[in-house]
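Q: What follows is a structure written as structure tokens; I'll ask about it next.
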Amino acid sequence: MTTLRALAFALACGVAVCAAAPRPAHAAECPPEQAPHAFEPVHPLNIDKIKEQLRDYHSHYYAGDVSAVLADAQAYVQQRAGEVARPALVLDIDETSLSNWRNLSADDFGFISKGPCNRLPDGPCGFNAWVLRAEAEAIEPTLALFNAAKAKGVSVFFVTARPKQQRHATVLNLHRAGYRGWTELVLRDASDTKRSVQDYKTEMRSKIAARGFAIIANVGDQRSDLDGGYADCTFKVANPFYFIR
Ligand SMILES: [Mg+2]
């Protein structure tokens, strides 16, 4: 590479990008227009390696991370409850109040909505069938928050994207897990499919607020549980296992 060409390449490339990104030697030595291999595709991470990391994270760090967030939420709710009229707490359900780890693990992190779930702990385990089993365990720090909030006179609303057809199973599961005495369980219309979960949940919180409740805290495992307003504070519980828009 001539000195002039090298200088032009360095300027075009940008110091930070070139210096930071390890590239094959030929990529650093050839200008892009003359080196068809200069821009190597960024290879995605290996999915089995990611699964190993997820299982390791769940085994060693997940519970601690969740506990830390819920401890902050509980301290805040206990302090804030007496400062507003009609205080309310909004909780998401899946991976916030209830753990679907047995389903996630059985399906090896591959989401399967339909089909039976009768081979646990092996898979496959259809998620809808799993919900109908009503066996998901409580996420204990959230149950502690739930009870602490109630003790402070805070109305607790579950706002979930589970469909209304799953109301019975969801109530049963919440009861089995220890959640009792909530104010309302809000589920989604099955026909409400053309908008994001975030838009749906924001509207549900707006309706709670319109009834005169002051939502002091909103707790969820997805940004779509939390973004959109209608809560004084939001608390994001860890969930690297799936993403909901
Ligand atoms: Mg969730």
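The values are calculated or read from the model by the stated rules, or taken from the named source; none is laboratory data. Note that the structure is predicted; figures quoted are calculated from it, not measured. Virtual Cβ from ideal backbone geometry, glycine too; neighbours counted across all protein chains shown.
Q: Counting only residues that are within 16 Å of the ligand (Cβ to nearest atom) and of a type in the set (S, T, N, Q), how many does the stretch 132-172 have?
A: 4
Q: Please identify the pairs in which a residue from the stretch 212-240 that is closer than 13 Å to GLN198 by Cα has its Cβ atom under 6 Å from the Cβ atom of a residue that is acidic (Asp, Glu), counting only partners at least 6 apart or on another chain.
A: Sorted first by the residue in the stretch 212-240, then by its partner, the pairs are GLY220/ASP92; ASP221/GLU95; ASP225/ASP92.
Q: Now for a separate question. Just to be sure, is ARG102 charged (D, E, K, R) and within 16 Å of the ligand (Cβ to nearest atom)?
A: Yes; evaluated as a whole, the condition is true for this residue.
Q: Quick check: anything in the stretch 79-91 outside any strand (DSSP E or B) and either modelled with pLDDT under 95 or more than 22 Å from ALA209 (Cα to Cα) (or both)?
A: Within the stretch 79-91, none of the residues are outside any strand (DSSP E or B) and either modelled with pLDDT under 95 or more than 22 Å from ALA209 (Cα to Cα) (or both).
Matching residues to (1) without any contact (Cβ under 8 Å) to a residue 60 or more places away in the chain; (2) small (Gly, Ala, Ser):
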residue	(1), (2)
GLN74	no, no
GLY82	no, yes
PRO87	no, no
VAL90	no, no
SER99	yes, yes
SER105	yes, yes
ASP108	yes, no
LYS114	yes, no
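Q: Further question: So THR96 ticks every box in (1) outside any helix (DSSP H, G or I); (2) among the polar types (S, T, N, Q); (3) over 17 Å from the mean Cα position of the chain (by Cα) but one. Which box is left unticked?
A: Looking at each condition in turn, THR96 falls short on (3).
Q: Could you grab me the full set of residues in the stretch 223-238 that are surrounded by 19 or more Cβ atoms within 10 Å (Cβ to Cβ), within 14 Å of the ligand (Cβ to nearest atom) and either part of a loop (DSSP other than H, G, I, E, B) or among the hydrophobic types (A, V, I, L, M, F, W, C) (or both)?
A: Listed by number, the residues that qualify are LEU226, PHE235, VAL237.
Q: For the subset of the stretch 204-222 comprising residues that are within 11 Å of the ligand (Cβ to nearest atom) and not polar (S, T, N, Q), which member is farthest from THR183 (Cα to Cα)?
A: ASP221
Q: Only one residue in LEU91, LEU120 is aliphatic (A, V, I, L, M) and within 16 Å of the ligand (Cβ to nearest atom). Which one?
A: Of the residues listed, the single one that is aliphatic (A, V, I, L, M) and within 16 Å of the ligand (Cβ to nearest atom) is LEU91.
Q: Out of everything in the stretch 173-190 that is within 16 Å of the ligand (Cβ to nearest atom), over 19 Å from ALA73 (Cα atoms) and not aliphatic (A, V, I, L, M), what residue ends up being surrounded by the fewest Cβ atoms within 10 Å (Cβ to Cβ)?
A: Among residues in the stretch 173-190 that are within 16 Å of the ligand (Cβ to nearest atom), over 19 Å from ALA73 (Cα atoms) and not aliphatic (A, V, I, L, M), the one surrounded by the fewest Cβ atoms within 10 Å (Cβ to Cβ) is ARG188.
Q: Another question, if that's okay. Between residues in the stretch 163-178 that are assigned to a helix (DSSP H, G or I) and residues that are hydroxyl-bearing (Ser, Thr, Tyr) and surrounded by 15 or more Cβ atoms within 10 Å (Cβ to Cβ), which pairs lie under 8 Å by C-beta distance while being six or more apart or on different chains?
A: Within 8 Å, the pairs are THR170/THR160; LEU174/SER97; ALA177/SER97.
Q: Out of the stretch 204-215, which residues are surrounded by 22 or more Cβ atoms within 10 Å (Cβ to Cβ) and in a strand (DSSP E or B)?
A: Hit for the stretch 204-215 is ILE215, nothing else.
Q: Exactly one of (1) within 30 Å of LEU54 (Cα to Cα); (2) away from the ligand (no atom under 16 Å from the Cβ); (3) in contact (Cβ under 8 Å) with a residue 60 or more places away in the chain is unmet by THR193. Its number?
A: Going through the list (1) within 30 Å of LEU54 (Cα to Cα); (2) away from the ligand (no atom under 16 Å from the Cβ); (3) in contact (Cβ under 8 Å) with a residue 60 or more places away in the chain, THR193 breaks only (3).
Q: Let me ask something additional. Among the residues of the stretch 135-162, which ones are under 19 Å from the mean Cα position of the chain (by Cα), part of a strand (DSSP E or B) and among the hydroxyl-bearing types (Ser, Thr, Tyr)?
A: THR160 - this is the single residue of the stretch 135-162 that is under 19 Å from the mean Cα position of the chain (by Cα), part of a strand (DSSP E or B) and among the hydroxyl-bearing types (Ser, Thr, Tyr).
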